[in-house]
Amino acid sequence: VHQEPATPIVIVGHVDHGKSTLIGRLLHDTDNLPDGKVAQIIASSKKRGLKTEWSFLLDSLQIERDQGVTVDSTRIPFLLDKREFVIVDAPGHRQFLRNMITGAADAEAAVLVVDAAEGAREQTRRHAMLLHLIGIRHVIVLLNKVDLLAFDQAKIEAAEKSVAELLKKLDLEVALSIPASARDGDNIASRSDQMPWYKGPTLTEALAQVPLPASRADLPLRLPVQDVYRFEDKRYVAGRIERGRLRVGDTVIIGTQKTPAKIASIASWHTAPQVSAAAGQSVAVTLEPDVIPDRGDLLHKQDTPPVAASRIRTRLFWLRQEPLRVGESFHLRLATAEHAVTVAAINSVVNLDDLTEYAGEEVPAEGFAEITLAAAETILFDAFAPGTADGRGVLVDRQQRIVGGAPLLGPAAIAEGDKLIH
Ligand code: GDP
């Protein structure tokens, strides 16, 4: 049986606009809660004299995770008419940013939760910006808490319009905007009878329309080497195929080496030797001649090479609390490779207040920018493409702490005025 991979969905929005409530409500209304959970939520809501508080659900999943019980609350699986989704949730804004940029949330779609009464706020803007920069292609705006606007059409449409105007400035393509009340379940899994004027889909109907992730098997081969190990006199080159296919007898190029090698055999974990393998599979291959690649080398084919450059234009999501300046050095993590790089230029910085770009000397704490990274060696990569693993660079410091996300855009020319030229 062919099993479609689960579709990852991120749920984002300003604090208190209703993300946890939405997740709880969604899991409940689609029958995706474990037995006993609902009773538990109702009881604890009652105890505090509240109407059923769906946000307690996430808290309770979170507690279980902290106690090491079972649930990873940052990836909540859920089934919608047999189609599998994974809700990627991150407790707290900073954890969310980290998840997004390290690719833990390789999401196909996003739900941006906006409190209809309050409108877009600081984190709404930041999250929207991030969705745009990461290239999430399918954004659903959930205009939440419309009960606070008494389900009034004119007020709701005015709120919707102001959010739409903000997102338009960001070039964010919004698939649709759904007026909803997560607390009461209006337009989440069932149609609200409070808003007969709304003719669009409910949230679950909208999720069902999210396109399936495209197959990566038909793209040019990319196999980043994870490990090389010896077993019974043979050397096995192990890694996960990120794109494309591999067949025994194929000629491959190893990293920046000039001499090609032949795939002599392909093995997968727990399976008999295979004649071919495709994107998504982890394999161990033997090569002829018995050359020894390094961890981080990219196996590809001669006629479909990746970009090769030592100066790379990248976007940057800077995570540190202090500014970044030209000349600072890091390691660029790219799939299994790690390259020493220096910030050679700061090309433009994003002003988070009005989302315009300006020429800046530094990237402010937790800011967004476009920079140029310079390496001493040639780096092989594919330019960042939304919804794929391509070009998803991550900057780490000496202690291996993640300091920024760096989607690689393309080779950079050596510019006059660059302070560092390798
Ligand atoms: P989060 O910080 O985005 O996860 O927000 P929560 O889900 O914790 O919700 C914040 C508050 O808003 C809670 O008190 C919720 O009960 C409340 N809330 C969430 N959705 C709605 C809604 O549709 N209508 C109203 N009136 N309140 C809501």
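Values quoted throughout were computed directly from the atomic coordinates according to the rules given, and no laboratory measurement underlies them. It should be emphasised that the depicted structure is a prediction, and the values quoted were computed from it without experimental measurement. Cβ coordinates were reconstructed from backbone atoms using ideal geometry, including for glycine residues, and neighbour counts include every protein chain displayed.
List of remarks:
- Calculated [θ] (222 nm, deg cm²/dmol) that DSSP helices of n ≥ 4 give over the chain, each run adding -39,500 (n - 2.57): -5500 deg cm²/dmol
- Proximal lysines to residue 262, defined as alpha-carbon separation beneath 17 angstrom and excluding residues fewer than eight positions away on the same chain: 234, 301
- The length gained on full extension between residue 235 and residue 16, counted as 0.36 nm times the residue separation minus their Cα-Cα distance, comes to 73.4 nm.
- For residue 301 and residue 35, the FRET efficiency from 1/(1 + (r/R0)^6), where r spans their Cβ atoms and R0 equals 60 Å, is about 0.75.
- With Cα atoms defining each centre, the stretch 320-347 and the stretch 157-217 are spaced 37 Å apart in the structure.
- In terms of surrounding Cβ atoms within a 10 Å radius of their Cβ, 138, 28 rank from fewest to most as 28, 138.
- Residue 378/residue 226 FRET efficiency (R0 22 Å; Cβ-Cβ; nearest 0.05): 0.60
- Summarising the strand pairing of the chain, around 75 percent of its internal DSSP beta bridges are antiparallel.
- Cβ-based exposure ranking for 229, 236, in which fewest neighbours within 10 Å come first: 229, 236
- For the chain, the Rg and Dmax computed from alpha carbons only, in angstrom: 23.8, 75
- Distance between modelled label sites at residue 356 and residue 338, nm, 7 Å Cα→Cβ extension: 4.1 nm
- Net charge dipole size for the stretch 239-323 [Lys, Arg +1 and Asp, Glu -1 on Cβ; Debye, nearest 20]: 360 debye
- Nearest-0.05 FRET efficiency for residue 193 and residue 81, computed from C-beta distance (R0 25 Å): 0.65
- Positive-end extreme of charge dipole, the chain - chosen from 257, 267, 360 (charges on Cβ): 267
- Nearest-20 debye value, the chain charge dipole, Cβ charges on Lys, Arg, Asp, Glu: 500 debye
- Taking 141, 291 and counting other C-beta atoms within 10 Å, the order from fewest to most: 291, 141
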